[in-house]
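The values are calculated or read from the model by the stated rules, or taken from the named source; none is laboratory data. Quick caveat: nothing in here was measured; it's all calculated off a predicted structure. Virtual Cβ from ideal backbone geometry, glycine too; neighbours counted across all protein chains shown. Ligands, DNA and RNA are stripped out before the accessible areas are found, and what is left, the full protein with its side chains, is counted by its heavy atoms. Shrake-Rupley method; radii C 1.70, N 1.55, O 1.52, S 1.80 Å.
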Amino acid sequence: LLTTFGLACAFPLAVLLATATPASAEEAEARAAFKTMSDFLTQQATLSVSYDATPEIVTEDLEKVGLASSGALNATRPDKLRATRSGGLANVELVFDGAEMSVYGKNLNVFAKQAFKGSIDELVDALRLEFGLELPAADLLSASPNDIMMLNVTDAQALGTGVIRGQTCDHLAFRTDDVDWQIWIAQGDKPFPCRFTITSKMTVLAPSYDITFSDWKSGADVAKDDYKLVPAAGATEVDISKLGSLDEVQMPKTEGAAQ
């Protein structure tokens, strides 16, 4: 009786597993590929990369507009960072040496400094919470991208391959309740992210933010950096409260909610 019961239960269970395996395997593959990239990034003590970013905004007239900018990032873990961005009205440089944060508005030739001791992750949180500013791809440069970015994922897919700037990449897609996001990761022994796209499902017309990376370097290949701000001659120091005005972008005539 026990043997008969066991066989009877095993058959529908086998059918269920056969039906579920493709989706489950695909999700496991996507999560594993992202963790491999995350582990690789966190193992790099020093990193540099250039990027092109296109955040979208939706105007009050329901026109979706992309705002293009470019920049570069240098980071030495755990507490040194240089980030630049130019586009629209902004030409901004942020420098952090583990003890002081400096922001330079090159278009206005003004700069601000503030004592801040902590890690890159703590700096990113402070910029978000205190100044409403977001560093490009900040979560990917965190101490653990996998822990942060997988936290609220409800679905994961491995979508095959794509080619970004001539580099063959694994294409992964992830979903959360609020956003969908995709990432293209270079194949081979250096799985750097090549492109990252996040789409807001909770905002009208679902605006997206797209960032494409190029010229990744790590270790000894990264140019030496003392992480000190050197403003141009005649630059004026301003209070850190002016920080927000240093990061303006060229907006359409009718402004809407930014993604």
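Wrap a convex hull around the Cα atoms of the stretch 158-249, take a quarter of its surface area, and give that in square nanometres.
For the stretch 158-249, averaging the hull's shadow over all directions gives 10.3 nm².
What does the charge count around Gly162 come to, taking other residues whose C-beta lies under 13 Å from its C-beta (Lys +1, Arg +1, Asp -1, Glu -1)?
Taking every Cβ under 13 Å from that of Gly162, the sum is +1.
Per residue, how much accessible surface does the stretch 98-207 expose to a 1.4 Å probe? Answer in Å², no decimals. Walk me through the intermediate numbers first.
Details: 5280 Å² over 110 residues.
Roughly 48 Å² per residue, with all protein chains present.
What Kirkwood Rh does the stretch 62-143 have if only Cα atoms enter the pairwise 1/r average? Answer in Å. Present the calculation step by step, with values, prior to reporting the outcome.
Values: mean 1/r = 0.0745 Å⁻¹.
For the stretch 62-143, the Kirkwood estimate is 13.4 Å.
Compute log10 of I(q)/I(0) for the stretch 84-199 with the Debye formula, placing one identical point scatterer on every Cα and leaving out solvent, at q = 0.10, 0.17, 0.21 Å⁻¹, to two decimals.
-0.41, -1.00, -1.18
Asp139: net charge of surrounding residues, Cβ under 13 Å, Lys/Arg +1, Asp/Glu -1, itself excluded?
Values: positive: Arg128; negative: Asp121, Asp125, Glu134, Asp147.
Combined, the nearby Lys, Arg, Asp and Glu give -3.
Report the gain in length on full extension from Val65 to Met150: 0.36 nm times residue separation, minus Cα-Cα distance, nm rounded to one decimal.
On the way: separation 85, 0.36 × 85 = 30.60 nm, distance 2.88 nm.
Value of the extension gain: 27.7 nm.
Below 26 Å, Cα to Cα, which lysines can Lys190 reach? Residues fewer than 8 away in the same chain don't count.
Output for Lys190: Lys35, Lys80, Lys217, Lys224.
Could you tally the net charge around Tyr104, taking each other residue with its Cβ under 11 Å from the Cβ of Tyr104, Lys/Arg +1 and Asp/Glu -1? Write out the running numbers ahead of the final one.
Details: positive: Arg82, Lys106, Lys113; negative: Glu93, Glu237.
Cβ neighbours under 11 Å give a net charge of +1.
Order these peptides, 43-53, 230-240, by their mean beta-carbon neighbour count within 10 angstrom, highest first.
By packing density, highest mean first, the sequence is 43-53, 230-240.
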